[in-house]
Amino acid sequence: MDQYHEPYDVLDEETRDLTRAFKSLIEEFEAVDWYNQRMAVTKDESLKSILKHNRDEELEHACMALEYLRRRIPELDDELRENLFKEGPIGHHDEEEGATEENDLAVGSMKE
Ligand SMILES: [Fe+2]
C-alpha cells in the first residue's frame, strides 16, 4: 500500500493498476541499471555474460510494462510516437511541427 501517494480507498481500480505498472517499470529499469553496473566492473567474462543476459531480460520486462502503459494512456502514446525512433537532436520534434509544449500550455491556460 505504501506505493500510493493518495489514500488507497479513494483510487479507482484503473488508477491502482496504472500505479502497479509504473512501479514495475521503475523496478525493471532499476534492475537494468544494477546488472549494467555489475557487468561494467566484473573481471570474470563468464559472469559478465550472465549479467548481460539478465540485463537484457530486464530490458524486455521494462518494455512490456511500458507497452501496457502506452495502451492505456493516450498522451503517453502520443509522446512516444512523437519522440522515439527519430534522428537528430533529442527533444526538438515539437518545434519542427510548430506545436511546442509552451504553446499547448498557453492554450490550456487561456481556457481557464
Ligand atoms: Fe524483470
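Here, each number is a calculation from the coordinates, and none is a lab measurement. Owing to the predicted nature of the structure, the values given are computational and were not obtained by experimental measurement. As a convention, Cβ positions derive from the backbone with ideal geometry for all residues, glycine included, and neighbour counts pool all protein chains shown.
In the stretch 1-57, which residue that is part of a helix (DSSP H, G or I) and of a type in the set (Phe, Trp, Tyr) is farthest from the ligand (Cβ to nearest atom)? Among them, the one singled out is TYR8.
Take the conditions closer than 19 Å to GLU28 by Cα and in contact (Cβ under 8 Å) with a residue 24 or more places away in the chain and apply them to GLU67. Does it pass?
Working: closer than 19 Å to GLU28 by Cα: yes; in contact (Cβ under 8 Å) with a residue 24 or more places away in the chain: no.
So GLU67 fails the test.
Suppose we filter the stretch 50-72 for residues that are within 17 Å of ASP17 (Cα to Cα) and surrounded by 15 or more Cβ atoms within 10 Å (Cβ to Cβ); how many remain? Lay out the reasoning, then the answer.
Initially, the stretch 50-72 is screened for residues within 17 Å of ASP17 (Cα to Cα), giving 61-72.
Retained after the next criterion (residues that are surrounded by 15 or more Cβ atoms within 10 Å (Cβ to Cβ)): 61-62, 65-66, 68-70.
Counting residues in the stretch 50-72 that are within 17 Å of ASP17 (Cα to Cα) and surrounded by 15 or more Cβ atoms within 10 Å (Cβ to Cβ) gives 7.
Pairs linking a residue in the stretch 1-17 that is over 19 Å from ARG72 (Cβ atoms) to a residue that is outside any helix (DSSP H, G or I) and among the aliphatic types (A, V, I, L, M), with Cβ atoms under 8 Å and 6 or more positions apart or on different chains, are TYR8/MET1.
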